[in-house]
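The structure appears right after this line, and notes come after that.
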Amino acid sequence: GESVGLHLPTLSVQEGDNSIINCAYSNSASDYFIWYKQESGKGPQFIIDIRSNMDKRQGQRVTVLLNKTVKHLSLQIAATQPGDSAVYFCAEIGSGNTGKLIFGQGTTLQVKP
Amino acid sequence: EPEVTQTPSHQVTQMGQEVILRCVPISNHLYFYWYRQILGQKVEFLVSFYNNEISEKSEIFDDQFSVERPDGSNFTLKIRSTKLEDSAMYFCASKTVSDTQYFGPGTRLTVL
């Protein structure tokens with residue numbers, strides 16, 4: 001079946017450090033991945049996405065890396081700030097053409113001042 | 001910036017009662033979704049809706065669930081007879097033909 005997982009439930013970093021959040025997926029046919037940020041009491045907020053024909057994509061302070069060989073996805077946040085504290089989910093487009101998302105378990109990022 | 005809105009933010013109901021959760025997707029979006037998130041767990045797909053019909057539903061979306069787009073702006077999720085295990089956050093999402101889905105703030109459903 002389809003599944004997306006994250007390696008660590010919690011990541012604690014010092015403010016100003018870089019953060020790396022990891023995700024493993026099982027479906028080698030997956031061709032689109034998204035990272036969402038969820039703050040307490042709010043809905044998932046789109047951060048960045050990547051298609052399987054790319055290895056890397058950069059946004060503002062964020063970079064997503066895709067390693068299709070080992071089916072691994074990572075989100076790198078540069079110069080982590082207290083406002084980055086949230087739960088981060090990776091998600092993939094499920095099979096079929098409906099666009100449904102399959103989410104991983106989530107990693108809680110805690111930023112220490 | 002346009003956003004998905006949901007009402008109410010919190011709904012408390014008795015087991016066996018019907019609830020309707022409401023969503024207003026982003027106005028030019030064509031694809032609509034409901035997801036749920038049980039406390040502390042991952043977000044789970046419930047149903048997708050396109051062209052005024054369900055395009056896919058998960059195993060969770062049984063006969064107690066229904067969706068409707070009664071007019072040009074609202075998208076609703078109805079649970080006919082709520083169970084304790086229906087307690088969760090329910091998120092509505094919408095998108096255009098691109099893959100990026102935008103989520104609403106969610107409705108917290110508490111079934112007593």
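Here are the numbers for the structure shown:
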item	result
Dipole-positive endmost among B:LEU30, B:ILE79, B:PHE45 within chain B (Cβ charges, Cα centre)	B:ILE79
Net charge dipole size for the range B:21-102 [Lys, Arg +1 and Asp, Glu -1 on Cβ; Debye, nearest 20]	240
Label point distance in nm, B:LEU30-A:SER12, each placed 7 Å from Cα along Cα→Cβ	4.9
Where Cα atoms sit under 18 Å apart: lysine pairs in the protein assembly as shown separated by 8 or more or lying on different chains	13
Top positive-direction residue, dipole computed over the protein assembly as shown with Cβ charges, set B:LEU21, A:LEU73, B:VAL111	A:LEU73
Centre separation in Å (Cα based) which lies between the range B:46-65 and the range A:4-75	27
Computed magnitude of the charge dipole of the protein assembly as shown (debye, nearest 20; Cβ of K, R +1, Cβ of D, E -1)	300
Rounded to 5, the percent of DSSP beta bridges in the range A:4-113 classed as antiparallel	90
Within a Gaussian network of chain A (alpha carbon springs, distance under 10 Å), most fluctuating of A:SER52, A:SER40, A:SER74	A:SER40
Coil-residue trypsin sites (Lys or Arg not before Pro) of the range B:33-106, DSSP, other Cβ within 10 Å capped at 16	B:ARG80, B:LYS83
Cα-only Debye scattering, chain B: base-10 log of I(q)/I(0) at q = 0.16, 0.18 Å⁻¹	-0.66, -0.84
Antiparallel %, DSSP beta bridges [both residues in the protein assembly as shown], to 5	90
Normalised alpha carbon radius of gyration of the protein assembly as shown [divisor 2.2 N^0.38 Å]	1.02
Cα shape, the range A:4-112, gyration tensor, a/c 1.5 rule	prolate
Mean separation of Cα contacts under 8 Å, 6 or more apart, over the residue count of chain B: relative contact order %	39
Cα-based convex hull, the range B:15-79, per residue volume (Å³, whole number)	102
Pairwise label distance in nanometres, A:ALA29 with B:THR110, each label 7 Å out on the Cα-Cβ vector	4.3
Most mobile listed residue (B:VAL19, B:VAL67, B:VAL43) in chain B, GNM with C-alpha springs under 10 Å	B:VAL43
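We did not get these values from a lab; they are worked out from the coordinates using the rules stated. Since the structure is predicted, the reported quantities are computational estimates derived from the model, not experimental observations. All Cβ positions, even for glycine, are placed from backbone atoms using ideal geometry, and neighbour counts span all protein chains on display.
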